[in-house]
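The values are calculated or read from the model by the stated rules, or taken from the named source; none is laboratory data. None of these values were measured; they are calculated from a predicted model. Here the Cβ positions follow ideal geometry from the backbone for every residue, glycine too, while neighbour counts run over all protein chains shown. Remember, those area values only see protein heavy atoms, side chains included, never the ligands or the DNA or RNA. Shrake-Rupley method; radii C 1.70, N 1.55, O 1.52, S 1.80 Å.
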Amino acid sequence: MTAPTAQLLSQVVGFVRSLRREGIVVTPGQTATFAQALGEISIFDPVAFYHAALCSLVTRREDQARFAEVFRQFWQNLGLERFPGELLQQTPLPPRKEQKARPGEVGREPRSAGESGAPPLPVVDRALTFSETEVLRQKRFDQMSEKELEAARKLLYEFVWNPPERRTRRMKPGGKEELDLRRSFRRSLKHQGEFLKLEERARKPKPRPIVALADVSGSMERYARMLLHFLHAFSLQQSRQGVRQVETFTFGTRLTRITRTLKKRSVDAALAEVGQQVKDWSGGTRIGACLHTFNHTWAKRVLGRGAIVLVISDGWDQGEPELLAFEMERLQKSCHRLIWLNPLVGTPGYQPLTRGLVAAMPFMDDFLPIHNLSSLEMLVEALGRLERRSGIVH
């Protein structure tokens with residue numbers, strides 16, 4: 001990859017981040033599609049570049065106006081008044097003026113850059129930053145090397161987390177849900193009882209509680225540590241945003257609550273303590289029995305106020321499917337939404353045919369993959385736009 005091409009791709013990533021800051025949802029897959037489209041169009045054609053970006057990155061009609069404004073501002077701020085293809089143009093150096101030798105002075109060769117008094121310009125190599133990141137986002141966790149896993153863990157903490165919200169019974173001024181008669185009468189007193197304006201109010205939103213149940217049995221060992229990093233990043237970021245109701249449990253043959261442990265700022269310290277707490281790591285799986293413990297011991301404590309439950313498991317269960325079905329039905333009725341996350345869903349040709357999944361499937365609101373960074377990022381974005389009893393994937 002040439003340096004100008006790498007520069008353009010780096011600016012494309014910055015442009016996508018600008019779109020996300022303005023509330024336009026852009027997935028990693030859409031970004032990769034746009035990058036591929038750049039090889040099929042003329043970079044120096046402003047109309048082709050704009051429409052390639054629009055078709056690749058925008059999926060909702062109501063986002064088109066905001067996209068156009070962000071597009072204009074972003075590229076103009078780079079000093080490119082016409083179109084981004086200018087990033088690929090190499091600026092030629094001005095011709096060097098030959099200096100005439102003074103009388104009695106021997107002509108000298110022009111000094112090289114190293115001989116000049118000016119300090120050398122810093123050179124930053126970002127040629128593979130974009131492509132390496134996109135490859136890493138699409139690669140399965142069980143196929144990553146240790147170096148790639150470490151890089152993937154760092155990317156988890158760069159996710160933009162938007163907690164799902166619920167409407168409470170408390171009201172706030174503004175909005176257009178209903179008239180606020182009390183404030184309207186109070187305002188009218190300033191104008192001799194005349195109602196110059198009818199005040200309105202709306203229900204105050206609050207973040208929904210999140211409850212995660214993570215399978216740490218032997219069949220999930222390739223994914224368990226990465227998913228615990230994900231849950232740690234999730235808990236840490238939610239706490240920074242003032243969301244206290246994030247509960248995390250692990251299960252294999254027994255249920256273990258690790259909520260307080262994952263709130264530690266140091267991920268290494270948190271996971272080391274989790275390793276000491278969880279006694280059934282890489283063991284068998286009895287999902288129905290663990291859900292029974294959760295429903296009887298913890299459900300009333302943590303499932304209030306419209307909680308969302310994430311069950312993270314591949315579905316390999318050594319227990320009775322009838323017990324799993326009974327406890328899944330009870331769990332679904334106790335929460336706002338029950339989402340099952342399975343790392344095997346991303347495997348080509350995979351079919352959920354195990355006894356456990358067949359028994360649990362009727363009581364899932366959503367059945368989603370969780371096998372790579374891209375699937376985790378899409379989950380985070382989907383939770384942020386989750387609506388009451390509507391599909392999580394649009």
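See the values below:
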{"read-out": "All positions within the stretch 307-347 that are in a loop (DSSP other than H, G, I, E, B) and among the polar types (S, T, N, Q)", "value": "Ser313, Gln318, Thr347"}
{"read-out": "Every residue from the stretch 20-40 that is surrounded by 15 or more Cβ atoms within 10 Å (Cβ to Cβ) and over 20 Å from Leu373 (Cα atoms)", "value": "Ala37, Leu38"}
{"read-out": "Verdict on Val25 being at pLDDT 85 or above, β-branched (Val, Ile, Thr) and either in contact with a Lys or Arg (Cβ under 6 Å, 6 or more places away or on another chain) or under 22 Å from Asn162 (Cβ atoms) (or both)", "value": "no"}
{"read-out": "Considering residues of the stretch 279-302 that are farther than 19 Å from Ala360 by Cα and in contact with an Asp or Glu (Cβ under 9 Å, 6 or more places away or on another chain) only, the residue most open to solvent (accessible area, probe 1.4 Å)", "value": "Arg301"}
{"read-out": "Residue within the stretch 123-135 that is farther than 21 Å from Phe234 by Cβ, modelled with pLDDT under 75 and among the small types (Gly, Ala, Ser) present", "value": "yes"}
{"read-out": "Some residue of the stretch 153-164 being assigned to a loop (DSSP other than H, G, I, E, B), more than 25 Å from Ile308 (Cα to Cα) and open to solvent by less than 90 Å² (accessible area, probe 1.4 Å)", "value": "no"}
{"read-out": "The stretch 41-50: number of residues that are assigned to a loop (DSSP other than H, G, I, E, B), open to solvent by 30 Å² or more (accessible area, probe 1.4 Å) and touching a residue at least 12 places away in the same chain (Cβ under 8 Å)", "value": "3"}
{"read-out": "Answer from Ala224, Ala202 - the residue that is closer than 29 Å to Val160 by Cβ, at pLDDT below 90 and over 23 Å from the mean Cα position of the chain (by Cα)", "value": "Ala202"}
{"read-out": "Positions within the stretch 356-390 being open to solvent by 40 Å² or more (accessible area, probe 1.4 Å), among the aliphatic types (A, V, I, L, M) and at pLDDT 90 or above, in sequence order", "value": "Val358, Met361"}
{"read-out": "Scope the stretch 244-265; condition assigned to a helix (DSSP H, G or I) and touching a strand residue (DSSP E or B) at 6+ places or on another chain (Cβ under 6 Å); matching residues", "value": "Thr259, Leu262"}
{"read-out": "Residue within the stretch 74-93 that is open to solvent by 20 Å² or more (accessible area, probe 1.4 Å), at pLDDT 80 or above and not assigned by TED's automatic domain parsing to the domain that holds Ser375 present", "value": "yes"}
{"read-out": "Search result, residues across the stretch 11-34 that are assigned to a helix (DSSP H, G or I) and β-branched (Val, Ile, Thr)", "value": "Val12, Val13, Val16, Thr31, Thr33"}
{"read-out": "Leading residue by the ranking (surrounded by the most Cβ atoms within 10 Å (Cβ to Cβ)) among those in the stretch 259-278 that are farther than 17 Å from Glu221 by Cβ and among the β-branched types (Val, Ile, Thr)", "value": "Thr261"}
{"read-out": "Checking Pro348 against (1) surrounded by 17 or more Cβ atoms within 10 Å (Cβ to Cβ); (2) without any contact (Cβ under 8 Å) to a residue 24 or more places away in the chain, the condition it does not meet", "value": "(1)"}
{"read-out": "Looking only at the stretch 314-329, and only at residues there that are of a type outside the set (A, V, I, L, M, F, W, C) and in contact with a Leu (Cβ under 8 Å, 6 or more places away or on another chain), the one that is most open to solvent (accessible area, probe 1.4 Å)", "value": "Asp317"}
{"read-out": "Residue under evaluation Pro173, criteria (1) in contact (Cβ under 8 Å) with a residue 60 or more places away in the chain; (2) part of a strand (DSSP E or B); (3) open to solvent by 60 Å² or more (accessible area, probe 1.4 Å), criterion not met", "value": "(1)"}
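Let's see how each residue does on (1) touching a helix residue (DSSP H, G or I) at 6+ places or on another chain (Cβ under 6 Å); (2) on the phi > 0 side of the Ramachandran plot; (3) not aromatic (Phe, Trp, Tyr):
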site	(1), (2), (3)
Glu22	yes, no, yes
Pro46	no, no, yes
Val58	yes, no, yes
Glu62	no, no, yes
Ala68	no, no, yes
Phe74	yes, no, no
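Residue-by-condition table, conditions (1) modelled with pLDDT under 80; (2) β-branched (Val, Ile, Thr):
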{"site": "Ala37", "(1), (2)": "no, no"}
{"site": "Ser42", "(1), (2)": "yes, no"}
{"site": "Tyr50", "(1), (2)": "no, no"}
{"site": "Ala53", "(1), (2)": "no, no"}
{"site": "Arg60", "(1), (2)": "no, no"}
{"site": "Asp63", "(1), (2)": "no, no"}
{"site": "Val70", "(1), (2)": "no, yes"}
